[in-house]
Amino acid sequence: MRHRCRYFSVAQNNWNARKGLVLGVYESEREDDSLHLTESAAGVDRVLSGKLTELLKISGPGLKKGKSRIFYGLHEDFPCIAVVGLGRNSLGVCGTEYWDTCKENIRAAIAGGCRVLQNHVLTHIEVDGCNDSQSAAEGAVLGLFTYDDLKTKKKTRVTTQLGCVSGWEKGVLYGEGQNLARYLMEAPANHVTPSVFADTITNRLAPYADHVTVHKRSQEWIEEQQMGAFLSVSKGSEEPPVFLELHYNGCPDNTQCPLLLVGKGITFDSGGISLKPPSGMDAMRADMGGAATVCSAIVTAAALNLPINIIGLAPLCENMPSGKANKPGDVVTAKNGKTIQVDNTDAEGRLILADALCYAHSFNPRAIVNAATLTGAMDVALGSAATGVFTNSDWLWEQLHKASVVTGDRVWRMPLFQHYTRQVTDCQLADLNNVGKYSRSGGACTAAAFLREFVTAPHWAHLDIAGVMTNKDEVPYLKKGMSGRPTRTLVEFAAGMSGLK
């Protein structure tokens, strides 16, 4: 394999760096402790005259999935070598877990190995591709992310590299895309206002200006568009609203209708007059997770140069209490002329999405997918296992589900019954109520039914990402904090759509 793969780096620009190496080993398919090294690990073992295999055998029982061992001084170029357990090599797509188990094991193992070496203050890490370079790259990039911009003492910055480059670059871009969403969601609300959010995305898209157009729409434009529901939420804050509109033209000569991605962009949600409890309110800086994942997915699509046209829409504002804020019982008018009784000002995300969805139809989209940290009820229903998907299209569901199996960032289909629609249309003062008449019952479903009232497109999906907004320890290759999910699934979905006629 030497003609196709370098087992460790000889790049001159890394000679002065403190370097580490992450290698993989599979569990035995039999009930014994026999070793099954990956190709790269076996190559390093040959260079070391079998010393790696010898140390693995005498240092303990077979290396189980997710576990690691560190060896020092084996190789003159690598002070530390981390060997990580990949689980069984024979595993693939699991029919009950709805993901590719091998890919998930690689992401988790590589992330763990990289973190261990980062703690040894190593600045450059060579990574074993483990026969799936993209998954290895995703694990390395996602596992090393940390938000410490505002700390005086920062984590060691680490660069990663793979000897076999096939798939690695793509995996790095997927990982960096999710990390951009994590960065935006993690940052304090006073550091990421609607305007700063828009500027950050604009700057990240600047290298692709030849096929990306960015419109940062002002409050005056929003008023001209008669987005009364959006404006009713934003008026409670001193921060002016922004409507961010992104056009990625991956097929400039293609007459095919664009894919529309819409993201909820509440950069801080206090609940408005229906004020949230103070405990945990700081996490509401990430209530623009829908906009963060959608915009980051478009940045990634541009970096990958995907052959597809995508339009991204992100209504951005804060939801704050003030004398100008919505009051329970107020009635506002959306862009399509429907009136909405606002009985709960903390159910504001659906108001700004309503106007954005109406505007999305003006582009004659191929499909519309919106993402939002919309309801606590979604977290109660699915927890952090999967994003809840409500859709009027079996075809669109299949595309989203197929993408999620590849990325391991799963989706689960939820009901969009008329049963829930009747609960939001049975309203005393207006055409719709922004909460279901049975209050908390089926809250995620009534929120989706509300949004459906602003959709006429035959292929629309609403992704409620409230349950996957944060990570404690559920996803091993993500550290504790804001998750940036499901950015990679949106990217993979767009990549799949680019290959469809």
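Okay, here's what the table says:
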{"item": "Extended-chain gain in nm, criterion 0.36 nm per residue less alpha-carbon gap, LEU48 and TYR72", "result": "7.3 nm"}
{"item": "Within the range 472-492, backbone nitrogen closer than 16 Å to the virtual label 7 Å beyond the Cα of TYR98 toward Cβ", "result": "486-487, 489-490"}
{"item": "Percent breakdown of C-alpha pair distances by 5 Å bin, ordered from the shortest bin, for the range 155-277", "result": "2, 8, 14, 17, 18, 15, 11, 7, 5, 3, 1, 0"}
{"item": "R0 of 60 Å, Cβ-Cβ distance GLU29-THR339: FRET efficiency to nearest 0.05", "result": "0.40"}
{"item": "Rounded accessible area of HIS124 (nearest 10 Å², 1.4 Å probe)", "result": "10"}
{"item": "Debye intensity ratio I(q)/I(0), log10, the range 19-173, q values 0.08, 0.10, 0.16, 0.20 Å⁻¹ (C-alpha model)", "result": "-0.22, -0.34, -0.85, -1.27"}
{"item": "Inter-label distance for ASN392 and THR213, nm, one decimal - labels placed 7 Å from Cα along Cα-to-Cβ", "result": "2.7"}
{"item": "Debye equation applied to the C-alpha atoms of the range 223-371, log10 I(q)/I(0) at 0.11, 0.12, 0.15, 0.20 Å⁻¹", "result": "-0.44, -0.51, -0.75, -1.15"}
{"item": "Over the range 347-501: Rg over Rh, Cα atoms, Kirkwood Rh", "result": "0.97"}
{"item": "With every protein chain in place, the chain: carbon and sulfur % of accessible area (1.4 Å)", "result": "51"}
{"item": "Stretchable slack from HIS36 to CYS251, in nm (0.36 nm times residue separation minus alpha-carbon distance)", "result": "72.9 nm"}
{"item": "Accessible area per residue, Å², the chain with all protein chains present, probe 1.4 Å", "result": "40"}
{"item": "Check: the chain dipole with +1 on Lys, Arg Cβ and -1 on Asp, Glu Cβ, in debye", "result": "820"}
{"item": "Difference of contour (0.36 nm per residue) and Cα-Cα distance, LYS154 to LYS276", "result": "40.7 nm"}
{"item": "Per-residue [θ]222 nm for the chain (sum of -39500 (n - 2.57) over DSSP H runs n ≥ 4, rounded to 500)", "result": "-10500 deg cm²/dmol"}
{"item": "Projected label distance in nm at ALA283 and LYS402, using a 7 Å step from Cα toward the beta-carbon", "result": "3.4"}
{"item": "Using a Förster distance of 35 Å, the FRET efficiency for ASP426-LYS235 (Cβ separation, nearest 0.05)", "result": "0.80"}
{"item": "Segments 369-378, 217-226 sorted - mean Cβ within 10 Å per residue, highest first", "result": "369-378, 217-226"}
{"item": "Mean-position separation - Cα centroids, the range 81-117 and the range 428-453, in angstrom", "result": "41"}
{"item": "Rg/Rh (Cα only; Kirkwood hydrodynamic radius) as it applies to the chain", "result": "1.02"}
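The values are calculated or read from the model by the stated rules, or taken from the named source; none is laboratory data. Quantities reported herein were computed from a predicted structural model and do not represent experimental measurements. Neighbour counts run over all protein chains shown; Cβ positions are idealised from the backbone, glycine included. Note: accessible area is taken over every heavy atom of the protein model, side chains too, but ligands, DNA and RNA are not part of it. Shrake-Rupley method; radii C 1.70, N 1.55, O 1.52, S 1.80 Å.
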